[in-house]
1. Treating the angle as unsigned and between 0 and 90°, give the value, to the nearest 10°, between the Cα long axis of helix 50-60 and the longest Cα principal axis of the chain.
2. In µm²/s, what is D for the chain at 4 °C and 1.567 mPa s, where D = kT/(6 pi eta Rh) by Stokes-Einstein and Rh is the Kirkwood radius from Cα pairs?
3. Restricting to the chain, what percent of DSSP beta bridges are antiparallel, rounded to 5?
4. Given 0.36 nm per residue, what is the gain on full extension from residue 37 to residue 84 after removing their alpha carbon distance, in nm?
5. Just to be sure I understand the model, the point goes 7 Å from the Cα along the line to the Cβ. What's the resulting residue 58 to residue 77 distance in nm?
6. Can you pull the one-decimal nm distance between simple spin-label points at residue 5 and residue 26, each 7 Å off the Cα toward Cβ?
7. In percent, what relative contact order does region 10-72 have, based on Cα pairs under 8 Å that are 6 or more apart in sequence?
8. So what's the angle, to the nearest 10 degrees on a 0 to 90 scale, between helix 17-27 and the longest Cα principal axis of the chain?
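No lab work stands behind these numbers, since they all come straight from the coordinates. Every value quoted in this text rests on a predicted model; they were computed, and no experiment measured them. Note: ideal-geometry Cβ built from the backbone for every residue, glycine included; neighbour counts use all protein chains shown.
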Amino acid sequence: MIARLFTVVGRVQGVGFRWAAQEEARRLGLAGWVQNEDTGSVTGLVQGDPAAVEQFAAWLRQGPRSAKVLEVSLDETPLTNYRLFTVR
């Protein structure tokens with residue numbers, strides 16, 4: 001298992017990004033969280049099987065249909081005790 005902190009920049013608030021990310025993460029069997037930031041970006045933590053985390057990272061680069069993702073950063077982070085993927 002691996003964990004990554006992520007930040008997504010672009011038109012990612014007000015377009016259902018967090019809810020779509022939750023759906024994608026749960027579909028992939030991942031745990032963690034996602035939230036909006038005051039800067040207009042979306043941040044979160046995702047953890048699980050390395051291949052599934054990579055699939056999630058690929059999804060973040062596109063996001064839901066109504067989003068316009070300009071930049072995604074992913075950073076290694078220690079594993080946590082999250083069991084579900086939640087919207088904050």
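1. 10
2. Details: Rh = 12.5 Å.
Diffusion coefficient, whole number: 104 µm²/s.
3. Numbers: 21 of 24 bridges.
Rounded to the nearest five, the antiparallel share is 90 percent.
4. Numbers: separation 47, 0.36 × 47 = 16.92 nm, distance 2.08 nm.
Full extension from residue 37 to residue 84 adds 14.8 nm.
5. Each label point is offset 7 Å from its Cα along the Cβ direction, giving 2.3 nm.
6. The answer from the label model is 2.6 nm.
7. Numbers: 88 pairs, mean separation 26.4, N = 63.
Reported as a whole number, the value is 42 percent.
8. Taking the Cα atoms of the chain, the angle to 17-27 is about 30 degrees.
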